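The values are calculated or read from the model by the stated rules, or taken from the named source; none is laboratory data. Everything numeric here is computed off the predicted structure, so don't read it as measured data. Ideal geometry is used to build each Cβ from the backbone, glycine not excepted, and the neighbour counts take in all protein chains shown.
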Amino acid sequence: MNALKPQQLDPRLAGLVHGIDLQALSRVPAARLETTALPNIGTLELVSPDGFERDYQQLYLSMFHGGERERPDLIVQRLRDDLDGRRSGLAPYRVVGIRDHNGQAVGAAQFSVLPLPKLGYAVPYMQYIYIRSQNRRQDLSEVLHTMALAVATADSGIDGGQGIVPFTLFETEPPNHGTTASSQSTATKRAQIHAKSGSRGMMLVDESGQLCSSHVQPGLEFGDRPITLTWAIRPSPAPQDSSHFRIDDELGLSLLTAYYRSLREEGFREENVALAENMARARCTGRRFVEIALDAITPAMYQNLEPAESLP
C-alpha cells in the first residue's frame, strides 16, 4: 500500500491519511498488492456528494437489493452536510472510492466511524463495500478495508483521541441463511470469505450456554420491520491496535450504544431505531457478549428470537 503513487490518492484523502503507515493496516503483502491491486487503481478518493451521485450511485444500486440498501439521496445529502460542516460533532460518515485509469467507478466502501470514548477506540462500521464484477479477485476490496482503517485512525485523532482502531465492525448474513438453495449457498460462501479474513461473530450467551445474535438492524424505511443479522468483527492487521481489545460486555454495550446513536445522527426513522434498540437491549438482559467462529452460527441463534420479529 505504501507503493501507491502520489497521483493515485486524491488530495482530500491524501491529506487525511498523511503519516499513517498504510501497509501496516493491510492484510495483503505489499509484493502481492503491487501485482494485483495497484496497477488497477487510477485514483483512490474520498468521494464527494456530487461524485457519488454522478459516478458511484448506479454501481451501488446494482450491488444491493432494495431491502438492504439505503436510499442514495440520503447518502448524498449526508456527504453534502459533512462537506459543508453541518455534521460537526457527529460520527464521521465516509465513502472511499476507487476509480480506474479512465475515471470510471470501480468500487467503494461506505462506513461510519463509531467513537467509543470510554475505551479510547474508534471503530469503522462498514455499511457497504462493493467492487464491480470485472475487477474482482484483484484484492481491491482489501485495499478498501485498509483505507477504512486508515481513515478511521485519522478521524480518531482529530479531537485528540488515542488513535486506536482495533477492528472493523460489519453485519452479515449467517451461514445457510436464505429461502432458496442459491441464497443459502451465497450466504455460506460469504461467511467462509469473512472467516478467511480473520473475522469472528459477536454474539450473546446466557448462563445455560445458549447463544443468540446480539444484532438487530432497524427497518430502513417507514413500515419496514427490524431484522436479525450477525455482527462480525475483523481485527486490524496492526498488532498494536488489535491486541488492545477483547469481546466483553463493556465493548459490546459500547458498540450497541454507538451504533444506534449513529443511525439517529444519520437520519434514520426514530421509531424504527428505537424498536430495534429496545429489542437488542432486551436480549442483553441475563446474557453476556462473546465471540465465536462465523461458521458456528446456526439458525436457532438468530431466528424467531422475539414474537414480533422473524427473518424473511
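Structure summary
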read-out: Top-ranked residue of region 17-48 - restricted to ones that are of a type in the set (Val, Ile, Thr) and assigned to a loop (DSSP other than H, G, I, E, B), ranked as nearest to the chain's Cα centre (by Cα); value: Val47
read-out: Residues within region 239-251 that are at pLDDT 95 or above and either touching a helix residue (DSSP H, G or I) at 6+ places or on another chain (Cβ under 7 Å) or crowded, with 21+ Cβ neighbours inside 10 Å (or both), tallied; value: 1
read-out: Some residue of region 78-94 being within 17 Å of the chain's Cα centre (by Cα), hydroxyl-bearing (Ser, Thr, Tyr) and not assigned by TED's automatic domain parsing to the domain that holds Gln217; value: yes
read-out: Test set (1) among the polar types (S, T, N, Q); (2) at pLDDT 90 or above; (3) out of contact with any helix residue (DSSP H, G or I) (no Cβ under 6 Å at 6 or more places or on another chain) - Ser236 fails condition number; value: (3)
read-out: Failed condition for Asp155, given (1) loosely packed, with under 15 Cβ neighbours inside 10 Å; (2) at pLDDT below 95; (3) assigned by TED's automatic domain parsing to the domain that holds Asn2; value: (1)
read-out: Matching residues in region 49-79 - criterion: being in contact with a Leu (Cβ under 9 Å, 6 or more places away or on another chain) and assigned to a loop (DSSP other than H, G, I, E, B); value: Arg69, Glu70, Arg71
read-out: Residue within region 301-312 that is under 21 Å from Thr172 (Cα atoms), at pLDDT 90 or above and crowded, with 18+ Cβ neighbours inside 10 Å present; value: no
read-out: So Ile98, is it more than 19 Å from the chain's Cα centre (by Cα) and buried (at least 16 other Cβ atoms within 10 Å of the Cβ); value: no
